[in-house]
Amino acid sequence: MDIESLIGRLDLSAKVRLLTGADMWSLPALPEIGLRRLVMSDGPIGVRGEQWSSADPSIALPSPTALAATWDVALVRQAGRLLAQEARRKGVHVLLAPTLNLHRSPLGGRHFECFSEDPYLTGELGAAYVEGVQEGGVGTTPKHFVANDFETDRFTVNVRVGEKALREVYLAPFERVVQAGAWGMMAAYNSVNGTTMTEHRALQRDLLKDEWGFDGCVVSDWTAARSTAATAGGGLDVAMPGPSGPWGEKLEAAVREGRVAEEVVDDQVRRVLRLARRVGALEDSPGPGPAPAAPSPTAGSVPAAGGTEIDGTALARQVAARSFTLLRNEGGLLPLGAVRSVALIGSAAGEARVMGGGSAQVFPARVVSPLEGLRGRGDVEVRHAIGTDPRVRLAPLATPARALFLDATGETLAEHPLAGTEARWVGSLPPDVDPARLAAVEIRTVYTPGASGPHEFSIAGVGAFTVKIDGDTVFDGTITAEGGDPAAAFLSPPERRITATLATGTPVELSVRHPAGAFGGMAFVSFTLGHADPSPGDDALIAEAVGVAAGADVAVVVASTTPEVESEGFDRIGLALPGRQDELIARVAGVNPRTVVVVNAGSPVEMPWLEQVAAVLLTWFPGQEAGDALADVLFGDAEPGGRLPTTWPVRQSDVPVLNVTPAGGEVAYDEGLFIGYRAWERAGRAPAFWFGHGLGYTTWSYDTIAVTGTTVTVAVTNTGRRAGREVVQFYLAAVNRDPDRPARRLAAFDVVDAGPGQTVVTTVHLPERAFQIWTEEGWRTVSGDYTVEAGRSVADRRLAATVTL
Ligand code: BGC
């Protein structure tokens, strides 16, 4: 039956019911019209599913900055197809991704979750991601529309931004994914020029829907809809989560009282049903396959609708290697030739930081650490030393645990296994737990110490907790929330420490009990039992690491940010590596000239030791196959294919656009068009590494450039001794440039592979938008002469030609 007829069969209250979540992650079923429950899930590196726990594993791909560093639209599209496969396996219809906000300031807490500082690169990769996911019959909601480029006061902050910057910079990637056919869009928390985005009629209705012709569904960010008539009239289609919220009966009343026209509700319902039909949640859907299958236990191994199965593990490893960005390689130290011993240093070498924090978190079924990856090669002796542990919160124990769901009498309602001591049920409880009877959740595990001495334990969470070790109560108290972000209670909860002296090899029983329930139909259970072995202290750890490094052929130091640095819900306070890692690296480099620093971070960090180390390999947040991909690249089985999608400063104080702290409730984007490399060029400052930089393992000559109309053809030759891949970048500059405009913009790019001595030719078409500027009258194509330059980064341009328009 066509959608209009279905709408005609619904009364007002049924229509309105369709527009608010039935729970944390889904829209309600309406069996009378053949509509199944429509399930949404975060994104963007995997598909977390309806549970927020290791009980529901997902593939974990590298984070979006890594994906962007590949500059490879075909690979990103394939990643999208894998995510669709995961979504279908887990019964998810809509993936809450990709994140298309920009790297305006490196202090942005979700920088790792966004692709790039460049709107064109972001748009091309975003479009490939959307196309890949949707080809698998799963919807997307590019987010967060718009100008959610930092986290501080994100629920209330007003971003003041001019029309030109909005159109040419911040809206551009969203416009591109609408062209690519996105089925959804997520409205941001923040305000833009005085109006909160979920009520922003000018941007959501007039621009997104009317001008761009978006026929999909606008979903609010979680709890972002805070009014009834203003959001409905402002172009929002779905308020998440539910079942409570600002719509429901209130929206029904607003329609009856004439404050919201029924045609508005009809259009919202039309968009929801269209989405449902596209993702196969509406009976007689012409979608690409059956409704999503019931969840099955194996991550990453179920065929995508209508396609062949994608091997998630292999793809995660390939994407990671292709994203690794070689920033420095003195004397060609990498790839490592015949080495007998490697000193592998850093706490992140043993426990890699594979993803950023917040709603981007997924639970992979396995994680390969750098230590496991390097040891897996077998032919090299690998000695590991922590050096220093920069983490502020203790990590959960990775011992198998049990979660007991208890009623008020202490009787067990249900029991579930956990892969570690992290307890999290946000939105929904396991299906066999009766929310009405739930009074407490207890996690239990048995831990066998590997070392004697004072062990540190922690409880991180908000509320009352009782912690016992071998039956003795070691903590019994209440922890209260800090800060103003409502999500912070589970994204970055406060922590209390307990010290207990334990003996090697003697198992102890650990338990944490926490009163819990479901409020207004929504479960919220979130706490972690953390642990750290007895430590001799950082001075001794650094000294030990220096000793290990001095005796090895090569020292590899894995330096990382922490969950306190890069996460949702807050911004970064600085760009320095946390803890004493800078000191550790400098000391190691002092004893071993063959020191490689592996930077395991989702966004820029200062590298004060840069000139002292032989090589720097940026591995971003590399996803679950981190260690195997690292071994592939260090030993030369794979090319470090990455190029920077964002400019890396020497020092924080050099960064031209930094501020993310609202003043008077506002952040003004006064820099206009000048973010990223455009701002660095205008400021005349040199960063540590420019946008587009990345060395790879071979060398390239840029041979010829030819222009026909707006088509540009370039020949490049691999002048090295091994096969490699090059990202050929095309920058466009108007010859008679308005001095108030950026010097140049990225206008096209292509990834090419070539064997030693081989010449390859690439042809790109410069898009019309590259020749356009936004004016008071709208888009204007500026005719005249342009210089198009092909090169290896925005600062390393090798060939130039003239394009006349
Ligand atoms: C985030 C979104 C996410 C949503 C659901 C919000 O806090 O901003 O990106 O999709 O939560 O988890």
- Starting at the first residue of segment 149-157, write each ³J(HN,Hα) from the Karplus equation 6.51 cos²θ - 1.76 cosθ + 1.60 with θ = phi - 60°, in whole Hz, x for Gly and Pro. 9, 7, 10, 4, 6, 4, 6, 10, 5
- Note on the structure: A correct Kirkwood calculation over the Cα atoms of segment 698-805 returns a hydrodynamic radius in Å of 14.6
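Any idea what % of Cα-Cα pairs in segment 454-571 are farther than 22 Å? Don't skip to the answer; put the middle values down first.
On the way: 3657 of 6903 pairs.
For segment 454-571, the fraction of Cα-Cα distances above 22 Å is 53 percent.
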- Task: Provide GLU777, GLU168, GLU151 in ascending order of the number of other Cβ atoms located within 10 Å of each residue's Cβ, fewest first.
- Result: GLU777, GLU168, GLU151
- Non-local residues with an amide H under 5 Å from the amide H of ALA451, with H modelled 1.01 Å from N and Pro and chain starts lacking one, are GLY505
- Query: Quick one: Cα centre-to-centre distance for segment 373-413 and segment 225-256, in angstrom?
  - Reply: 43
- Item | Ascending count of other beta-carbon atoms within 10 Å, so fewest first, for HIS693, HIS93 | HIS693, HIS93
- Query: For segment 393-405, in order, what is each residue's ³J(HN,Hα) by Karplus, 6.51 cos²θ - 1.76 cosθ + 1.60 with θ = phi - 60°, in whole Hz (x at glycine and Pro)?
  - Reply: 8, 6, 7, x, 5, 8, 7, x, 9, 10, 10, 9, 9
- Anisotropy class of segment 94-240 from Cα gyration tensor, a/c 1.5 cut: rounded
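Sequence gap at least 6, Cα distance under 8 Å: using those rules, report the relative contact order of the chain to the nearest whole percent. Working shown, then result.
Values: 2137 pairs, mean separation 124.7, N = 805.
The normalised contact order for the chain reaches 15 percent.
Once every DSSP H run of n ≥ 4 in the chain is given -39500 (n - 2.57) and the sum is divided by its residues, what mean residue ellipticity at 222 nm do you get, rounded to the nearest 500 deg cm²/dmol? Could you put the intermediate results ahead of the total?
Details: 17 runs with 156 residues, N = 805.
Per the formula, -5500 deg cm²/dmol.
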- Message: Among GLY108, VAL714, PHE150, whose Cα projects farthest towards the positive end of the dipole of the chain, with charges put on the beta-carbon of Lys, Arg (+1) and Asp, Glu (-1)?
- Response: VAL714
- Cβ crowding within 10 Å averaged over residues, with 630-640, 126-136 ranked highest first: 126-136, 630-640
- Message: At 7 Å along Cα-to-Cβ for each site, give me the label-to-label distance between THR763 and THR308 in nm.
- Response: 2.9
- Note on the structure: Counting sequence-distant residues (5 or more places) and residues on other chains, those with an amide H built under 5 Å from that of ARG328 are VAL616
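When you count, for each residue, the other Cβ atoms within 10 Å and take the mean per peptide, how do 160-167, 602-609, 550-557, 38-45 rank with the highest first?
Numbers: 160-167: 18.0, 602-609: 24.1, 550-557: 21.9, 38-45: 26.9.
Averaged packing, sorted descending, gives the order 38-45, 602-609, 550-557, 160-167.
Taking 0.36 nm per intervening residue step and subtracting the Cα-Cα distance, what contour gain separates GLN612 from GLN179 on full extension?
Numbers: separation 433, 0.36 × 433 = 155.88 nm, distance 4.71 nm.
Taking GLN612 through GLN179 to full extension adds about 151.2 nm, to one decimal.
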- Calculate, axis by axis, the spread of Cα positions in the chain along the three principal axes, and write the results as whole Å, longest axis first. 76, 71, 54
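Any chance you could list the semi-axes, whole Å, largest first, of the equivalent ellipsoid that the Cα gyration tensor gives for segment 395-532, using √(5λ)?
Details: eigenvalues 127, 63, 31 Å².
Semi-axis lengths for segment 395-532 are 25, 18, 12 Å.
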- Note on the structure: Residues meeting the amide H criterion for GLY181 (H placed from the backbone, H to H distance under 5 Å, 5 or more places apart or on another chain) are none
- Message: Need the list of lysines near LYS250 for cross-linking: C-alpha distance under 26 angstrom, and skip anything on the same chain fewer than eight residues off.
- Response: LYS15, LYS209
- If each residue's Cβ is checked for other Cβ atoms within 10 Å, how do LYS209, LYS250, LYS143 rank with the fewest at the top? LYS250, LYS209, LYS143
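We did not get these values from a lab; they are worked out from the coordinates using the rules stated. Quick caveat, the model's predicted, so the values are computed rather than measured. Cβ coordinates were reconstructed from backbone atoms using ideal geometry, including for glycine residues, and neighbour counts include every protein chain displayed.
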